[in-house]
1. I need the calculated FRET efficiency for the pair A:S136 and A:A109, taking r as the beta carbon distance and R₀ as 41 Å, to the nearest 0.05.
2. What full-extension length gain, to one decimal in nm, is calculated for A:V163 and A:R79 as 0.36 nm per residue of separation minus the Cα-Cα distance?
3. How are the C-alpha pair distances of segment A:1-116 spread across 5 Å bins, as whole percents from the shortest bin up?
4. Pick from A:L43, A:L133, A:L95 the residue whose mean-square fluctuation is largest in a GNM of chain A, springs joining Cα atoms under 10 Å.
5. Let me check something: with ligands and nucleic acids excluded, how do A:E137, B:E34 order by accessible area (1.4 Å probe), largest to smallest?
6. For the protein assembly as shown, what does the equivalent ellipsoid look like in terms of its semi-axes, each the square root of 5 times an eigenvalue of the Cα gyration tensor, given largest first in whole Å?
7. Under 4 °C and 1.567 mPa s, how fast does chain B diffuse according to Stokes-Einstein, given a Kirkwood radius computed over C-alpha pairs? Answer in µm²/s, whole number.
8. Only Cα pairs under 8 Å and at least 6 apart count here; give the relative contact order of chain B as a rounded whole percent.
Amino acid sequence: MTTLVFWLFAGIAILAAFLCITRRSPVASALWLVMTLFALAALFVILDAHFIGAIQVLVYAGAIMVLFLFVIMLLNLGRDGPSDLVGWPGRLVVLAIGVLLALELIVVASVAPSAELRLPAAGAATGRENAVLAVSEPLFTDYLVPFELTSVLLLAAIVGAIVLAKRRI
Amino acid sequence: MLGESLAVSAILFSLGVAGVLLRRNAIVIFMCIELMLNAVNLSFVALAQQLGRDGQVIVFFVMAVAAAEAAVGLAIMIAIYRHKDSVNVGDVNLLRG
């Protein structure tokens, strides 16, 4: 049952991602990306990361994609323009890279994962403990310095975005 | 579920790379970059299920950095649009010989 639900949402994510990269209108691409993000949030919940799934919906789909849509609206790019997909030489390059990646995927999948990746004792802990505690406890103990640095990064991003978007500085 | 999740993550990442290479609209290219970041987040969460919760904390940081990057990147695109009246990356060719 879990596998069925997993493959359902994985299929939705892959289909929505493919549609996102091929739509002519940027608004349609943004909305298909939102669908992909929702499907990925469902996958996060299936993989015992409930807090991360909630944060994915709140932050990624709810803030970052809204920012994208605002910018598309401000630049008035919503209409279907002429297709901006590259011509056939570029598509052949992408096809070649895709074949290469698929071959790599097959090679990696055919090798059995090492013993370190099968630790049900350590893995089961993330399923049983509080979902928010699982992220917050390392965040404020082991990863305190990166946490504080992230706040500085966000401040820099805010100042940078405002300065870059002003008409006259 | 680990192997399947990593496979889905690889496919999504490849789709993101294909999108970056195939499209010329700068905003759609940026959206494909976000797709790549999400594919990597899926890998981290899948591995966190097996190896401990550090993966989920890394996903947290990846999301914060992605948000900051999205804000600054879109501000740059707005600034370029003001000069060129286009977000087509083929039009930004001043450095071409």
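1. The calculated FRET efficiency here is 0.75.
2. Full extension of this stretch gives 27.4 nm more.
3. Result, from short to long distances: 2, 10, 13, 15, 18, 16, 14, 8, 3, 1, 0 percent.
4. Per the Cα network of chain A with a 10 Å cutoff, A:L95 tops the list.
5. The ordering from most to least exposed comes out as A:E137, B:E34.
6. Rounded to whole Å, the semi-axes are 33, 24, 16.
7. Diffusion coefficient, whole number: 87 µm²/s.
8. 28
The values are calculated or read from the model by the stated rules, or taken from the named source; none is laboratory data. None of these values were measured; they are calculated from a predicted model. All Cβ positions, glycine included, derive from the backbone under ideal geometry; neighbour counts span all protein chains shown. What goes into the accessible areas is simple: the full protein's heavy atoms, side chains included, and nothing from ligands, DNA or RNA. Shrake-Rupley method; radii C 1.70, N 1.55, O 1.52, S 1.80 Å.
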